[in-house]
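The values are calculated or read from the model by the stated rules, or taken from the named source; none is laboratory data. Since the model is a prediction, treat every value here as computed from it, not as a measurement. For neighbour counting, all protein chains shown are included, and Cβ atoms are generated from backbone atoms with ideal geometry for every residue, glycine included.
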Amino acid sequence: MEGIDIAALILRVTVGGTMIAHGWNHAFGGGRLPGTARWFESIGLRPGRVHALLATLTELGAGLALVLGLATPLAAAGVVGTMLVALIANHLRNGFFIFRPGEGYEYVLNLTLAGFAIAALGGGAVSLDRVLGLDVDGWFGLLVALVAGGGGAALLLLVFWRPRSVAGKPAKQDSDAS
């Protein structure tokens with residue numbers, strides 16, 4: 001196995017596992033899906049229930065697909081899309097560091113960029129993509145993540161994101177659903 005294949009495997013399993021945990025927490029942790037929906041509403045993603053369900057399913061599905069190395073650039077696009085929405089709708093205004101009040105954007109930015117890197121690397125030698133002959137990588141893989149993930153996030157935010165403000169201040173996070 002080449003170094004690139006090892007890197008692809010490590011990144012896929014790490015980011016995929018993280019996305020599964022993130023989606024699982026949205027569905028079953030803390031306030032469960034209803035709490036996630038309320039939090040989404042509080043940051044301006046409406047209807048919150050629909051977005052909580054879609055984000056959760058995307059995180060679980062993309063995470064599993066990454067772990068398996070199945071449709072890797074498309075799975076990476078799921079990471080890119082959900083993390084870009086989180087970055088713009090909630091974390092960007094809080095500064096860089098995750099430990100800042102409201103949580104900064106370092107975590108979601110790193111997952112977004114890792115998603116782009118995975119899309120460019122492709123599934124690698126240890127992947128269902130390789131077994132099925134679906135190897136897509138390089139610039140085309142990156143383009144898939146950019147168009148599907150970045151474009152999907154932009155479209156979602158344009159159509160559904162309506163942040164509330166109180167006296168000119170953005171909405172605050174009211175749960176641990178992020």
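Summary of computed values
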item	result
Where a residue in segment 1-19 is more than 12 Å from A75 (Cα to Cα) and its partner, wherever it lies, is of a type in the set (S, T, N, Q), with Cβ under 9 Å and at least six apart	D5/S127; A8/T72; A8/S127; L9/S127
Residue among G123, G102, G150 that is of a type outside the set (A, V, I, L, M), in a loop (DSSP other than H, G, I, E, B) and either at pLDDT 95 or above or in contact with a Ser or Thr (Cβ under 7 Å, 6 or more places away or on another chain) (or both)	G123
Among the candidates G48, G29, G17, residue that is touching a Phe, Trp or Tyr at 6+ places or on another chain (Cβ under 9 Å) and either modelled with pLDDT of 95 or more or more than 26 Å from G123 (Cβ to Cβ) (or both)	G48
Selection count, segment 126-146, where residues are among the β-branched types (V, I, T), assigned to a helix (DSSP H, G or I) and in contact (Cβ under 8 Å) with a residue 24 or more places away in the chain	1
Options M19, M1: the member that is hydrophobic (A, V, I, L, M, F, W, C) and not in a helix (DSSP H, G or I)	M1
